[in-house]
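Data block below; observations after.
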Amino acid sequence: MLRKAFKKNSYDVILGYAVIPSILVAYAALKLKSAVIVSERSNPSIYSNTYKVARFIAYRLADGGVFQTEEAKRYFNNYKKLNKKIIANPIDLEILPEVHSGKRRKRIVTVGRLVEVKNHQLLIDSFSEIADVYPNYTVAIYGDGPLKNRLLESIKEKNLNDKIAIFDSTPNVLEEIYEDEIFILTSNTEGFPNALVEAMALGIPSISSDCAVGGPRELFKGQSRGILFEVKSKESLKKALIKLLENQEYRNEISQQSILIRNELNSKEIAKYWMEFMTDLRDAKLKNNA
């Protein structure tokens, strides 16, 4: 069905957005005149061998590949004929609240599905060891998922029901968190963490695991816009958290640097990168087909 549609409409460019769509369009567009772009939206190493074999062939049939980070792009260095481009996820400035200009609420916040890979348990464990030292601070976790009851039980066991709360996912979560003092991402792996991007765009000083495939590392420009900690390390996260809690000036500095991401990832600018890449591949394909 896909191939029939491609042949009927003679598209200039066909884009597969994420791995499975990329595999499908690469095969369906075989020997057609359309330029084919595949893209990775998460850690490319996490897929099963079946998908990796299918992808191995499909990406060699494609004309271009879009990746979110340099680390993800390097994973495909052996695909010599694939024209590779890094394009980050965009920020829609129209839905972002204004950066909070007053005193921030003494709350540490995270946003994400309640699943193993997001590792919210690490935040609970780390905060539990310093909660008494910082009695004015609370933790808010926004998200739904299969681990909710387990996380709630852990909070109860640590006698932190008055300190750590789990809130259901909400479409206006940015309005809920824009006044918060610290954002934390504890994921074991990520593609390009949109929740972290949005927190930074709101000027919330942020901490993140230094997880594959390097999204937080690139967003933080090393560590000038946030603090990285070792994946799955309670001590590393606790150290980073204490560093921010103890230093108001440092929090302000990170906040000001983070806000710059609003312009860098403006959706209009990101759209230009996509259009330029697609146009270049289309023109190259037309030249080869001439």
Ratio of Rg to Rh for the stretch 242-290, alpha carbon only, Kirkwood?
1.45
Taking 0.36 nm per residue of separation between residue 156 and residue 47 and subtracting their Cα-Cα distance, the length gained on full extension comes to 35.7 nm
Karplus couplings for the stretch 124-134 from phi (6.51 cos²θ - 1.76 cosθ + 1.60, θ = phi - 60°), rounded to Hz, Gly and Pro as x?
4, 5, 5, 5, 4, 7, 10, 4, 5, 6, 10
Remind me, what semi-axes does the stretch 1-116 give for its equivalent ellipsoid, largest first in whole Å, using sqrt of 5 times each Cα gyration tensor eigenvalue?
35, 18, 14
May I ask you to work out the translational diffusion coefficient for the stretch 190-252 at 4 °C, viscosity 1.567 mPa s, via Stokes-Einstein with Rh from the Kirkwood sum over Cα pairs, reported in whole µm²/s?
110 µm²/s
Given a Förster distance of 35 angstrom, what is the FRET efficiency for residue 232 paired with residue 179, based on the Cβ-Cβ distance and rounded to 0.05?
0.75
Along principal axes, Cα extents of the stretch 1-57, largest first, whole Å
35, 18, 16
Given springs between every Cα pair under 10 Å in a Gaussian network model of the chain, which of 12, 92, 132 has the largest fluctuation?
132
For residue 15, distant residues with modelled amide H under 5 Å away
37
Within the stretch 1-30: backbone nitrogen closer than 11 Å to the residue 275 label point (7 Å, Cα to C-beta)
none
Between residue 105 and residue 12, what is the label-to-label distance in nm when each label sits 7 Å out along the Cα-to-Cβ direction?
4.7 nm
Which ³J(HN,Hα) values, rounded to whole Hz and listed in residue order, are derived for the stretch 73-84 from phi using the Karplus coefficients 6.51, -1.76 and 1.60 in 6.51 cos²θ - 1.76 cosθ + 1.60 with θ = phi - 60°, glycine and proline given as x?
5, 4, 4, 10, 4, 6, 8, 5, 7, 7, 6, 9
Leaving ligands, DNA and RNA out of it, report the carbon-plus-sulfur percent of the accessible area of the chain at a 1.4 Å probe.
50 percent
Checking 67, 56, 183 against a Gaussian network model of the chain (alpha-carbon springs below 10 Å), the top fluctuating residue turns out to be 56
Per-residue ³J(HN,Hα) for the stretch 108-123, Karplus 6.51 cos²θ - 1.76 cosθ + 1.60, θ = phi - 60°, Hz, x for Gly and Pro:
9, 10, 9, 9, x, 4, 8, 9, 4, 5, 7, 6, 5, 4, 4, 5
Working out 0.36 nm times the residue gap between residue 95 and residue 223, then minus their Cα-Cα distance, what length gain in nm do you get to one decimal?
43.4 nm
Evaluate the stretch 100-219: find the radius of gyration of its Cα atoms, find its Kirkwood radius, and give the ratio Rg to Rh.
0.94
Which residue fluctuates the most in the chain, going by a Gaussian network model with Cα springs under 10 Å, if the choices are 145, 112, 16?
145
Per the Cα gyration tensor, the chain corresponds to an equivalent ellipsoid with semi-axes, largest first in Å, of 40, 20, 16
Which value does Rg/Rh take for the stretch 150-290 over its C-alpha atoms, Rh per Kirkwood?
1.10
Partner lysines whose C-alpha sits under 26 Å from that of residue 158, ignoring same-chain residues fewer than 8 away, are 106, 118, 148, 232, 234, 238, 239, 243
So if R0 is 45 Å, what FRET efficiency would residue 134 and residue 263 give, r being the distance between their Cβ atoms, rounded to the nearest 0.05?
0.85
What is the distance, in nm, between label points placed 7 Å from the Cα along the Cα-to-Cβ direction at residue 253 and at residue 239?
1.8 nm
The answer for residue 185, listing residues at least 5 apart or on another chain whose modeled amide H is closer than 5 Å to its amide H, is 207, 208, 209
Among the GluC sites (Glu not before Pro) in the stretch 85-119, which ones are in a DSSP loop with at most 16 other Cβ atoms within 10 Å of the Cβ? Mind listing them?
94, 98
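The values are calculated or read from the model by the stated rules, or taken from the named source; none is laboratory data. Since this is a predicted model, take the numbers as computed values, not measurements. Note: ideal-geometry Cβ built from the backbone for every residue, glycine included; neighbour counts use all protein chains shown. Surface accessibility is based on the protein's heavy atoms, side chains included, excluding ligands, DNA and RNA. Shrake-Rupley method; radii C 1.70, N 1.55, O 1.52, S 1.80 Å.
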